[in-house]
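As structure tokens, the structure follows; a few thoughts come after it.
No value in this document is a laboratory result; all are computed from the given coordinates. Everything numeric in this text was worked out from a predicted model, so none of it was measured. No Cβ is skipped: glycine too gets one built from the backbone with ideal geometry, and neighbour counts run over all protein chains shown.
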Amino acid sequence: MDAFEEEHMIKARVTVTLKNGVLDPQGKAIEGALGSLGFDGVGHVRQGKVFDLELQTADKAKAEAELKDMCEKLLANTVIENYTIALA
Amino acid sequence: MKSAVVQLPGLNRDRDMIAALTKIGGKPPVTVWQTETEIPAGVDLIVIPGGFSYGDYLRCGAIAARMPVMQAIKAKADAGVKVLGVCNGFQILLEAGMLPGALMRNASLKFVCREIRLEVANAETAFTSAYAKGQILRCPVAHHDGNYFADADTMAKIEGNGQVVFRYAEGTNPNGSMNDIAGVINEKGNVLGMMPHPENLIESAHGGSDGRGLFASALDVIAA
């Protein structure tokens, strides 16, 4: 990648987490495993997903709008999941 | 009655579904590949079988639900054509927004493959007219993500509307589903999704035929 391309690229991180009130059996199992490793006092472990993306644009507003659309249409299932978008 | 079976990479219950539709309906279904943008004319029942479409990547059914064929299925469903999704097919219909709620990882975190008892909660649908309300059926399940979830408002709505078509009979809930829900139908009554596999219990070679009624209802071939 040359300097021009790098200048016209936005890196983003999308984090998808379960909504409050949605049971997370995997989080519960992880919490149990942490307990059995001797980590006391760990509670409310929730498992989520992280997506790192690169967008070929220099327009942050456009990138953010596009990422929101991606979350709504594919990256998150908004019935059970929330998402946050962070631009680097 | 003309039926169609949808095929996608990773779906592996299509052959069982084709066999069930052929044996009960009297003629084989047409098959529709994921990239097709139209369902053949005259199809009255579209079935999305079970399996592991796209390796269950991202979320079960998530990638499959965004394939071109789903737009065609949605258009047919809007026009009143019956759509049945079994197991991964149910997950795909939920991901496509054609049914309410979501399916999460089984509460036990284990893949369950066994026979359960299924209670017919609504026998007044196009898929269950061969059964009686409250009837208990034998039916196999085989899944890792069948734990049905809906928020409180959605749950109240589907329960109130009679959209819960099948429940796991008392003591047989294999996955932690809320309200023991095993199958739900859309408000219009022509799109049904269910986790158990009725196509695997249709003849004596399967050890029983409790699943026949569902196909006989949907294919409109109920014996007098």
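Computed values, structure above
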{"read-out": "Subset of segment B:94-116 (residues that are more than 9 Å from chain A (Cβ to nearest Cβ), assigned to a loop (DSSP other than H, G, I, E, B) and within 14 Å of B:Met194 (Cα to Cα))", "value": "B:Met98, B:Leu99"}
{"read-out": "Count of residues meeting criterion [more than 14 Å from chain A (Cβ to nearest Cβ) and without any contact (Cβ under 8 Å) to a residue 40 or more places away in the chain] in segment B:51-69", "value": "1"}
{"read-out": "Single match in B:Ala20, B:Ala72 (criterion: in contact with a Ser or Thr (Cβ under 9 Å, 6 or more places away or on another chain), in a helix (DSSP H, G or I) and away from chain A (no Cβ under 14 Å))", "value": "B:Ala72"}
{"read-out": "Residue among B:Ile185, B:Ile136, B:Ile181 that is surrounded by fewer than 17 Cβ atoms within 10 Å (Cβ to Cβ) and either of a type outside the set (Lys, Arg) or closer than 18 Å to B:Val83 by Cβ (or both)", "value": "B:Ile136"}
{"read-out": "Long-range neighbours under 7 Å by Cβ, at least six apart or interchain, first residue within 8 Å of chain A (Cβ to nearest Cβ) within segment B:142-156, second assigned to a strand (DSSP E or B) and of a type in the set (Gly, Ala, Ser)", "value": "B:Phe149/B:Ala102"}
{"read-out": "Residue among A:Leu74, A:Leu53 that is surrounded by 14 or more Cβ atoms within 10 Å (Cβ to Cβ) and either in a helix (DSSP H, G or I) or within 12 Å of chain B (Cβ to nearest Cβ) (or both)", "value": "A:Leu74"}
{"read-out": "Extreme residue, nearest to A:Thr84 (Cα to Cα), among residues of segment A:34-50 that are of a type in the set (Gly, Ala, Ser) and exposed (fewer than 10 other Cβ atoms within 10 Å of the Cβ)", "value": "A:Gly43"}
{"read-out": "Residues within segment A:22-43 that are away from every other protein chain (no Cβ under 11 Å) and either charged (D, E, K, R) or under 19 Å from the mean Cα position of the chain (by Cα) (or both), tallied", "value": "2"}
